[in-house]
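Since the structure comes first, as structure tokens, the remarks are kept for the end.
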Amino acid sequence: MKLYWNVIIRKKYEIDLINFLLYIAIAHNIEYDLGEYRPSFSSKALPSRNMIIINTNYYKAKELPFVIGHEIAHIVHQDDIAICTDPNAKRPCEDTANVYSVEFIHAYAKIYGKSNFITPTAFLNYYDIPDKMYKYSTKFFNY
């Protein structure tokens with residue numbers, strides 16, 4: 001799947017990470033709804049509607065950029081959300097969405113000169129990426 005970075009790279013001014021991710025959504029014709037729902041409501045991807053619903057009141061507020069990237073990835077890949085969320089199924093689409101979210105955040109770090117982290121842990125901590133992504137993030141550090 002080709003991702004459209006050119007829309008974002010042409011911007012000559014710095015934008016925050018959430019807006020960067022929303023530009024990715026726009027570049028892929030993904031609609032989004034940013035709403036304040038109950039803290040336990042998980043953000044959702046609706047591939048059939050080419051839309052994501054993002055809970056800005058999520059109880060893990062610091063992870064919001066990671067969550068946005070994750071939901072965008074589900075739409076880009078046209079994941080079958082019923083399979084992704086089935087607790088009895090293997091969850092490769094969830095893993096793939098997590099990986100793409102880290103890729104989006106890493107692209108932001110590179111574009112805006114914030115990629116001089118010495119360790120994967122520093123990168124994950126700076127962007128509030130869940131620790132479960134440590135193993136994947138080592139690829140950016142030649143580990």
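The values are calculated or read from the model by the stated rules, or taken from the named source; none is laboratory data. Keep in mind it's a predicted model, so treat the numbers as computed, not measured. Here the Cβ is made from the backbone with ideal geometry for all residues, glycine too, and neighbour counts use every protein chain on show. All accessible areas refer to the heavy atoms of the entire protein, side chains included, with ligands and DNA or RNA removed. Shrake-Rupley method; radii C 1.70, N 1.55, O 1.52, S 1.80 Å.
Can you find, among LEU34, HIS106, VAL67, the residue sitting farthest towards the positive end of the charge dipole of the stretch 29-143, where Lys and Arg contribute +1 and Asp and Glu -1 at Cβ?
Value: HIS106.
Once you order the gyration tensor axes a ≥ b ≥ c over the Cα atoms, which shape class does the stretch 65-126 get: rounded for a/c under 1.5, otherwise prolate or oblate by comparing a/b with b/c?
prolate
Rounded to whole Å, give me the distance from the Cα center of the stretch 38-68 to that of the stretch 90-143.
Distance between centres, Cα-based: 19 Å.
Checking the a/c ratio against 1.5 first, then a/b against b/c, what shape does the Cα gyration tensor give for the stretch 21-110?
On the way: a/c = 1.27, a/b = 1.08, b/c = 1.18.
It is rounded, given that a/c, with a ≥ b ≥ c, falls under 1.5.
If you count only protein heavy atoms and use a 1.4 Å probe, how large is the accessible surface of TYR23, to the nearest 10 Å²?
60
What is the list of residues in the stretch 38-62 whose amide nitrogen lies under 18 Å from a point 7 angstrom out from the Cα of ILE18, following Cα to Cβ?
Output list for this probe position: 38-45, 52-62.
Tally up the carbon and sulfur contribution to the accessible surface of the stretch 19-108 as a whole percent, 1.4 Å probe, everything protein left in place.
Carbon-and-sulfur percentage of accessible area, whole number: 50.
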